[in-house]
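What follows is a single structure, written as C-alpha cells, with notes after it.
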Amino acid sequence: MNATIPTAEVLRTALAGLLDGLPPKQAAQAVDRLIANYRGTTPTHAPVLRDRSDVAAYAAYRMPATFEAVRAALTALRAAAPDWAPATHTDVGGGTGAASWAVAGAWEGTRTTVLDWAEPALALGRELAAASGSPDLRAAEWRRARIGADLDLAPTDLITVSYVLNELTEQVRTGLIDAAAAAARAVVVVEPGTPDGYARIIEARDRLIAAGLTIAAPCPHDGTCPIEPGTDWCHFSARVSRSSLHRQVKGGSLPYEDEKFSYVVGTRFPVRPARERITRKPQIRKGQVLLDLCTRDEGLRRSTVTKRHGELYRAARDAAWGDAWPPDGTD
C-alpha cells in the first residue's frame, strides 16, 4: 500500500500524537457534553467545539467512526462510477477533517477545501493533516465559514456533508443540500444511522433527485424509498478499530465498535448503481443464507441462497451488510 494514502491506522496514530497529554478526566467531561450536542439540536450560529480540549475530545470520540462511515459511502460511489475521480472536493462542516481523510484515501490528487465554523476544529484539522503523510491532506485549505443559508459554495467535483444536518434548522438543511446539488458533480451525505438520521437522508435524497442528480448509492433506483415511513429505517454498519486512547475516552473495553450510519450519494454523471443492496446483516444458517435486499423493480424482498446455488452461495456467505448484490460475475 502507498504509504501516503491515509488509513484508519494512520489516523489513530496522528490522533494519539496530538492528544498526548490531555487529562483523561477533562477529555471525558468534554465527550459527555459533545454527546449531548451530538444527540440534540445545536443552533447553527453556536459552534459545538469551543476550544482545543473540546476539539481533541471530539477528534478521539468521533473521527475514527466518521472516517469509516464516509469511507463506506465513497466505496459505494467508486463501485458505481469506477472510472470517475474528483479533482476538487469541498468538505462542508468538515470540522477536523474526517471526511477529507476518507476522500484522500479513496483517490489521489484531489484538492480539498474544508469549511467549518469552529476555528479550533480547523486548527487541529490542519495539525492532523500535517501528520498524515498525505500530500493531498497537507495541501488542503481549511477555511472558516458559517454553515448557514448564505453559504456560498464554489463549483467543485465532490461535496461531502457528513454528520452536519442534525446541527441545522430545516430551512438551512434544505438550502445547504440545494446549494451542494448546484455546485457539485457528486454529493455525498452521511448521517447517524437512527430513524431521525434516516429521515434527514431521505429529505436530502428527494432534493438531490429534484435538482436533477442520479442516485448512485445506496439505492438501486431513483424511485420512492420502499420503506413505509415510521415502520423502519435504512442504515448500515461500519466496523471501527479502537486504539487504547479511543477506548479510554469513550469508556469502552472492546477493541472495536460498530458505527451505524445512513447515507446517500447523488451524481451528475453516468453511474451503474447496484442491482440490489443488502439492507440487513446476512443470516447464515445451515446450508443457506438469508439476504434482505432493496431492489430496482421489486422493492424490499428476502432472498434465500442455498448450497445448490454453488458460487452464488459461497458469495452470499462472504457478503456483508451494505454490499451490492449479486457480486460481479456471479449472475
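The values are calculated or read from the model by the stated rules, or taken from the named source; none is laboratory data. Here the structure is a predicted model, which is why all the values come from computation and not from measurement. Note: ideal-geometry Cβ built from the backbone for every residue, glycine included; neighbour counts use all protein chains shown. The protein model used for the area step is the full one, side chains on, heavy atoms only, and it has no ligands, DNA or RNA in it. Shrake-Rupley method; radii C 1.70, N 1.55, O 1.52, S 1.80 Å.
Charges only on Cβ, +1 for Lys and Arg, -1 for Asp and Glu: so what's the dipole of segment 104-195 about the Cα centre, in debye to the nearest 20?
Working: 8 positive and 13 negative charges, 34 e Å.
So the magnitude is around 160 debye.
Structural size metrics of segment 100-214, computed from C-alpha coordinates, are Rg and Dmax of 14.4, 41 Å.
Measuring nothing but protein heavy atoms, the accessible surface of segment 111-200 at 1.4 Å probe radius is 49 percent carbon and sulfur. Accessible area per residue for segment 74-205 is 35 Å², calculated with a 1.4 Å probe on protein heavy atoms, without ligands, DNA or RNA. Modelled spin-label separation between His221 and Tyr256, with each label point placed 7 Å from Cα along the Cα-to-Cβ direction: 3.4 nm. Please calculate the 1.4 Å probe accessible area of Arg200, with all protein chains present, and give it to the nearest 10 Å². Result for Arg200: roughly 30 Å² accessible. Taken about its Cα centre, segment 171-225 carries a charge dipole of about 120 debye when Lys and Arg each add +1 at the Cβ and Asp and Glu each add -1 at the Cβ.
Once you have the Cα-Cα distance between Ser241 and Arg302, take 0.36 nm times their residue separation minus that, and quote the gain in nm to one decimal.
Working: separation 61, 0.36 × 61 = 21.96 nm, distance 3.07 nm.
The Ser241-Arg302 span can extend by a further 18.9 nm.
For segment 182-242, the calculated P(r) over all alpha carbon pairs, in 10 Å bins from 0 to the bin holding the longest distance, is 19, 52, 24, 5 percent.
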